[in-house]
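The values are calculated or read from the model by the stated rules, or taken from the named source; none is laboratory data. Please read these numbers as outputs of a predicted model, since none were measured by experiment. Neighbour counts are summed over all protein chains in view; Cβ atoms, including those assigned to glycine, are modelled from backbone coordinates with ideal geometry. Heads up: the accessible areas ignore ligands, DNA and RNA and are worked out on the full protein's heavy atoms, side chains in. Shrake-Rupley method; radii C 1.70, N 1.55, O 1.52, S 1.80 Å.
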Amino acid sequence: MNRVLEFQDHLKNSKRIVALVGAGLSASSGLPTFRGSQGLWKNFNMIDLATPDAFIMDPGLVWQFYSWRRYKALQAQPNSGHKALAKLAAAKDMIMITQNVDGLQLRVDNHKDSDNHKNNNDNHKHKDGVYEIHGSLYDVKCTSFSCNYKGRSYKHPMTPALAGTEEEVTRKRRLSDDEINSSGTGPGEFVPVKQLDDGELPRCPACEGLLRPGVVWFGESLPVLALNQIDDFIESQSVDLILVIGTSGTVYPANSYVDRVRYKGGKVAIFNTDIEQDIVDGKEKDVWGFKGDAAKLLPEMLAPVI
Ligand code: BJW
Ligand code: ZN
């Protein structure tokens, strides 16, 4: 049987499904991924900015990076891949583990298409079934040791000093003479990021301490409740299938779910623009690899069920 039909047959017969999602799903909504040639913001590697150390060293730099990310995500729309996954979640007993902090999966309006849902009477499902295991760009938390304030804000800019972070205008481009004179930067070089004082950054409404983005950086723990609920889903019964969508699979613990589902007897379907040829060719047992843009592939591949 052809690989696509074989996958779709398994999908139709799958009762319990896990989707593990990464930045590649939001790529066609216009949001950059972390690794690879896209993973640069100004002259910084995005991965180096998403760390507690970067925030301690220069909170103004990190806040400008996240202000840009928030703005881009607020402008972006969920794409046909997010929508296809939402429909699948409505039709199956499924959880979505998203590493993305852009909120796009939760913005899919899946009630509009509810007539199409084939098996929507599953009332023990987690609300929306979406776990944002690396947090959200819209969450903030206080950095003061003695304060546990957590909040949510969709305001842009969050402070007057964070205005001007909307566009990534500084990828190598030709500067005007005025810009060269005022910034001291040579033609074709990157414009330096503004130096901001802590006082110009978002402050805690409870204690006036410095707020930080409510995302999970390297070395930090993931939201415990979400991890427990994911564990319950995976350990309680067998899982038939894990969809691995637009992720490089380099970050723990997200990457551990693939093996855990396989251990429970589940098969794996990978949707990525970059997959090893052996996997695409079906040489790895119980793994399908579909190479291409997830936003385009998912509606096609999930079509028999959504
Ligand atoms: C497309 C596409 C299209 C493109 N269609 N596909 C050794 C030392 C210290 C720590 C560790 C260690 N070993 C392990 C650790 C733990 C560490 C870790 O995993 N490190 C590894 C890098 C080695 N993990 C942690 O620290 C986690 N916490 C933890 O484990 O706590 C316990 C613990 C603590 C300390 C030590 C050990 C254990 C926390 C991880 C938090 C990750 N945070 C970030 C930033 C979040 C905030 C933000 O968004 O800014 O999460 S890092 C970044 O990577 C972000 C992403 O969610 C995450 C995953 O990236 P993703 O989504 O896979 O993106 P890319 O860019 O990597 O890949 C995109 C893919 O899409 C590519 O494959 C493309 O081909 C594809 N693609 N276009 C389909 N159109
Ligand atoms: Zn506080």
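Would you work out the relative contact order for the chain, in percent, from Cα pairs under 8 angstrom that are 6 or more residues apart?
Once normalised by length, the contact order is 26 percent.
In whole Hz, with x marking every Gly and Pro, tabulate ³J(HN,Hα) for the range 42-51 from phi via Karplus 6.51 cos²θ - 1.76 cosθ + 1.60, θ = phi - 60°.
Rounded to whole hertz, the list is 6, 9, 9, 6, 4, 5, 6, 8, 8, 9.
To the nearest 10 degrees, how steep is helix 224-236 against the longest Cα principal axis of the chain, on a 0 to 90 scale?
10 degrees
Stretched out fully, how many nm does the piece from Q38 to M57 gain, at 0.36 nm a residue minus the Cα gap?
Difference between extended and current length: 4.4 nm.
Cβ under 10 Å from D102's Cβ, D102 left aside: what net charge do those residues give with Lys, Arg +1 and Asp, Glu -1?
+3
Where is the GNM fluctuation largest for the chain (alpha-carbon springs, 10 angstrom cutoff): G22, G81, G36?
Taking springs between Cα atoms under 10 Å, the residue moving most is G36.
Keeping every protein chain in place, order V21, V224, V280 by accessible area at 1.4 Å, biggest value first, i.e. largest first.
Result of the area sort, largest leading: V224, V280, V21.
Report the local net charge at K283: Lys and Arg +1, Asp and Glu -1, summed over other residues whose C-beta lies under 15 Å from its C-beta.
Charge balance in the 15 Å sphere: -2.
Using 1/(1 + (r/R0)^6) with R0 = 41 angstrom and r between the beta carbons of E235 and K194, what's the FRET efficiency to the nearest 0.05?
That pair, E235 with K194, gives E of 0.30.
Can you give the FRET efficiency for S256 and T159, using 1/(1 + (r/R0)^6), R0 = 41 Å, r = Cβ-Cβ distance, to the nearest 0.05?
The pair S256/T159 has a calculated efficiency of 0.60.
Quick check: pseudo-label points 7 Å beyond the Cα along Cα→Cβ at A303 and I47, how many nm apart are they?
3.7 nm
Note the angle between two axes, namely the Cα long axis of helix 59-75 and the longest principal axis of the Cα atoms of the chain, as a number of degrees from 0 to 90, rounded to the nearest 10.
50 degrees
Which far-off residues, 5 or more places away or on another chain, put their amide H under 5 Å from the one on G289, with H placed in the peptide plane?
I270, G282
Working from Cα positions, state the angle (0 to 90°, nearest 10) between the long axis of helix 80-91 and the longest principal axis of the chain.
So the inclination is approximately 50 degrees.
So what is the calculated 222 nm ellipticity per residue for the chain, using -39500 (n - 2.57) for each DSSP H run with n of 4 or more, over all residues, to the nearest 500 deg cm²/dmol?
The helix-only estimate for the chain comes to -8500 deg cm²/dmol at 222 nm.
In what order, largest first, do I270, I56 sit by accessible area if the probe radius is 1.4 Å?
Heavy-atom accessible area, descending, gives I56, I270.
Taking a 1.4 Å probe, which of K92, K285, K12, K72 shows the most accessible area, and what order do the others take after it?
K285, K12, K72, K92
Students often get this wrong, so check it: of K194/K291; K141/K194; K12/K150; K42/K92; K92/K155; K92/K296, which have C-alpha atoms separated by over 32 Å?
K194/K291; K12/K150; K42/K92; K92/K155
For the chain, take N as its residue count and report Rg(C-alpha) divided by 2.2 N^0.38 Å.
1.09
When all protein chains stay in place, what accessible area (Å², nearest 10, 1.4 Å probe) is found for H156?
Counting only protein heavy atoms, the figure is 50 Å².
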